[in-house]
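The values are calculated or read from the model by the stated rules, or taken from the named source; none is laboratory data. None of these values were measured; they are calculated from a predicted model. Heads up, the Cβs are rebuilt from the backbone with ideal geometry, glycines too, and the neighbour counts pull from every protein chain shown. For the accessible areas, the whole protein counts, side chains as well, though only heavy atoms, and no ligand, DNA or RNA atoms are used. Shrake-Rupley method; radii C 1.70, N 1.55, O 1.52, S 1.80 Å.
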Amino acid sequence: MDNPILEIKNLQKNFGNQQILDHFSLQVEEGEVVVILGPSGCGKSTLLRCINGLEEIQGGEIFLRGENISDRQKNMHEIRQKIGMVFQSYELFPHMTVMENLLLGPIQAQKRKKAEVEKEAEKLLDRVGLLDKKNSYPRELSGGQKQRVAILRALCMHPEVILFDEVTAALDPEMVREVLEVISDLAKEGRTMLLVTHEMQFAKAIADRIIFMDGGKIVEENPPEVFFQNPETERAKQFLHVFDYEEM
Ligand SMILES: Nc1ncnc2c1ncn2[C@@H]1O[C@H](COP(=O)(O)OP(=O)(O)OP(=O)(O)O)[C@@H](O)[C@H]1O
Ligand SMILES: [Mg+2]
């Protein structure tokens, strides 16, 4: 890879004396969709949180377009504007309307003009079928609607990379699809994204590359057609077997 947009080099993350990420390295190309799979507790969320500057790291470096963003002297607020993150639990502000949630970051952190951001937010809401909810409060929305708003909130910041951590895991099955459709559209637009998901069919369809983690390391890395049809490692075979079993 000549010019990765995101580069993680030898990342080390411990919680107490437990090593979570063990010299983890990864390069992501601009426009690439990387899906991270792995058993519960293997460090997927921790990895995304480290990239987004939400966790202290004990070693290694993270570069965004060649700039070292893991340097603690850096302004984390600025980095979080460039790297958006969407969580399982939406994390919308309950006392603010949908529109107010969307405007907050661009106006407060990026000092953009309200009228301009509002116009953009309306366009995005319209695109995901939620324009009529712009003055609603999060409690008045379904889980799938809340998650679509949370994705738009990340988009309103014009991030260079978006991280998704199991964004459909808390949703009822009928709401999963509407959220996955929004993410698929973003992939088609050429957005650079890292996704953690347990939706295997979705992973297969959307990923340019699958990263399979275990024990804080990458165990296998392959295009989805190889990973799902012909995994190289025993560990990945076992993992996929469990999913097939559960799906039945
Ligand atoms: N704040 C914390 N303090 C201490 N240990 C933590 C903390 N957060 C995570 N861990 C531990 O780090 C390990 C990795 O957790 P992480 O949440 O990254 O796993 P994961 O791969 O996202 O799992 P899941 O698929 O269940 O979401 C786990 O052993 C977890 O208990
Ligand atoms: Mg997790």
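Scanning the stretch 177-206 for residues that are in contact with a Gly (Cβ under 8 Å, 6 or more places away or on another chain) and assigned to a helix (DSSP H, G or I) yields E178, V179.
Which members of the stretch 191-220 meet the condition of being more than 20 Å from I162 (Cα to Cα) and open to solvent by 30 Å² or more (accessible area, probe 1.4 Å)? I'd like the intermediate steps shown before the answer.
Of all residues in the stretch 191-220, those more than 20 Å from I162 (Cα to Cα) come to 201, 214-220.
Correct list: Q201, D214, G215, K217, I218, V219.
Residue by residue, here is whether (1) within 23 Å of M85 (Cβ to Cβ); (2) without any contact (Cβ under 8 Å) to a residue 24 or more places away in the chain; (3) open to solvent by 70 Å² or more (accessible area, probe 1.4 Å) holds:
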site: I107; (1), (2), (3): yes, yes, no
site: V117; (1), (2), (3): yes, no, no
site: D126; (1), (2), (3): no, yes, yes
site: L131; (1), (2), (3): no, yes, no
site: P138; (1), (2), (3): yes, no, no
site: G144; (1), (2), (3): yes, no, no
site: V149; (1), (2), (3): yes, no, no
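Restricted to strands (runs of 3 or more DSSP E) entirely inside the stretch 11-92, those with at least 2 residues that are within 13 Å of ligand 1 (Cβ to nearest atom) and open to solvent by less than 70 Å² (accessible area, probe 1.4 Å) are 18-28, 33-37.
Residue-by-condition table, conditions (1) within 16 Å of the chain's Cα centre (by Cα); (2) part of a helix (DSSP H, G or I); (3) within 16 Å of ligand 2 (Cβ to nearest atom); (4) closer than 23 Å to S89 by Cβ:
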{"position": "A121", "(1), (2), (3), (4)": "no, yes, no, yes"}
{"position": "R153", "(1), (2), (3), (4)": "yes, yes, no, yes"}
{"position": "V167", "(1), (2), (3), (4)": "yes, no, yes, yes"}
{"position": "M175", "(1), (2), (3), (4)": "no, yes, no, yes"}
{"position": "I211", "(1), (2), (3), (4)": "yes, no, yes, no"}
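Within the stretch 41-64, if we keep just the residues that are more than 11 Å from I8 (Cα to Cα) and charged (D, E, K, R), the residue that is nearest to ligand 2 (Cβ to nearest atom) turns out to be K44. From the list E140, E221, the one residue that fits, being more than 16 Å from ligand 2 (Cβ to nearest atom) and under 30 Å from Q58 (Cβ atoms), is E221.
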